[in-house]
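This report concerns only the one structure given below.
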Amino acid sequence: MNDRSSARGPSGRLGRRGFLGALAAGASAAGLATAGAAPATAAGRDGHRGPKGLRPLFLGTYTSMPGGGSGIGLAAYDPATGRITGNGELPGVADPSFLTLSPDGGTLYAVDESTDGAVTAVALAADGAHRVLGSRPTGGAGPCHLSVHPSGRWLLSANYTSGSVAVHPVDPATGALGERTDLVPHSAPPPGPGQDGPHAHQIVTTPDGGHVLAVDLGTDTVYTYRLDASAGTLHQVSTAALRPGAGPRHLTFHPGGRYAYLANEVDNTAVVCAYDPATGRLTPGAPQSTGTGPGTSYPAQFLVTPDGRFAYLANRGHNSLTRYAVEEDGARLRLLDTVPVGGDFPRHITFSPDHRLLFAGNQRSNTVTVFAVDPDSGDLRPTGTPFEAPMPVCVLPLP
């Protein structure tokens, strides 16, 4: 949302930490279920299949907030039924609010969304004895998103509170992180209405691998960079301006690679953006409805099916998932319906690796809900009882 370092931002609006704290105050703490749970194993480079076909699932949380966890949540899921069972937590990782996996599957990376922001590497083990490899400072405050470059050589992170993006080298042998090679502040344009500064919310590599995009909620801008693959430095090549006060949060590409879908959390809209691989330029289209009615519902994130036919948007205030039909080879979203998420404040959604399941991490209700995805109609069907976990703000299922 807004500045996580203070309770309230400009004009009395809740800051990021204050906003999250207000949510936590009304939510009861929930522990990861352990009774009868199957071990959450991960084999990294050797495969991830666990006992009886169960796959590992990791959960991001906040360790510094009431109702949060004490580290990265460890669980397993059944790819046939969607049922999740818990296996405790991996301690020693502070405020791991977003997680991602290395391309080879051997290393897990987590942000430390604190004032002195950091990123942490975790070596995954087949027997579940995962090992924290160490952390590196991001050079900014409140990192809330990270991704690994497709080469596997660079970790990219977005510092929300201070409005900057960082690059760290990855050791190809161990997956450990080296000292930061770049830190780029979003110094222009000036903040949008109601914002106190830039707030980088996401950083991703484009599908063609030619550019890196950084989405900034505070400046209503998506920045396009080229990554110097030798030096690990970012060089800005263009910017895409959203309408003032849009509050862009996360974007997701269509499988065709020429269009991306952007969730604007402040003005409650979705935008289709055209992407030019030659120049890296992103061109936003007209804002359109999220299907949640008037006011804002803090849309969080898009998912797109691998065949490019359907897209889903998580709406935190409305506690729903919006379903769109994707038309014109990705150039158009047609609103179909909204589906109750079965929890409170769906902060993060993701597919299982086979795209048959959709997981929603519901921050305020301390639950993860699971849906079966109909490949023909795009319909979502709840699979069973929500899984209880302490403040699940990121869900990462492994193959």
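Every read-out reported here was derived from the displayed coordinates using simple, explicitly stated rules and does not represent laboratory data. All figures in this text were calculated on a predicted structure; none of them were measured in a lab. No Cβ is skipped: glycine too gets one built from the backbone with ideal geometry, and neighbour counts run over all protein chains shown.
Observations on the model:
- Separation of segment 211-282 from segment 292-323 is 18 Å, based on Cα centroids.
- Solution diffusion estimate, µm²/s, Stokes-Einstein, segment 264-305, Kirkwood Rh from C-alpha pairs, 20 °C, viscosity 1.002 mPa s: 184
- Euclidean distance between Cα centres, segment 92-138 to segment 172-204, Å: 18
- For q = 0.08, 0.13, 0.15 Å⁻¹, Debye-computed log10 I/I(0) when each Cα of the chain counts as one equal scatterer: -0.36, -1.06, -1.51
- Segment 240-279 residues near the modelled Arg226 label - backbone nitrogen below 13 Å, point 7 Å along Cα→Cβ: 278-279
- Scaled radius of gyration (Cα, divided by 2.2 N^0.38 Å) that segment 42-189 gives: 1.05
- Relative contact order (%) - criterion: Cα under 8 Å, at least six apart; region: the chain: 12
- Taking the convex hull of Cα positions in segment 143-205, its mean projected area over all directions (nm²): 4.5
- FRET efficiency, Ala80 to Thr279 (Cβ-Cβ, R0 51 Å, nearest 0.05): 0.70
- Computed over segment 251-366, the Cα gyration tensor eigenvalues convert (square root of 5λ each) into semi-axes of 23, 16, 12 Å, ordered from largest to smallest.
- Most mobile of Ala176, Ala75, Ala231 in a GNM of the chain (Cα contacts under 10 Å): Ala231
- Our compactness index for segment 114-229, the C-alpha radius of gyration over the empirical 2.2 N^0.38 Å, is 1.10.
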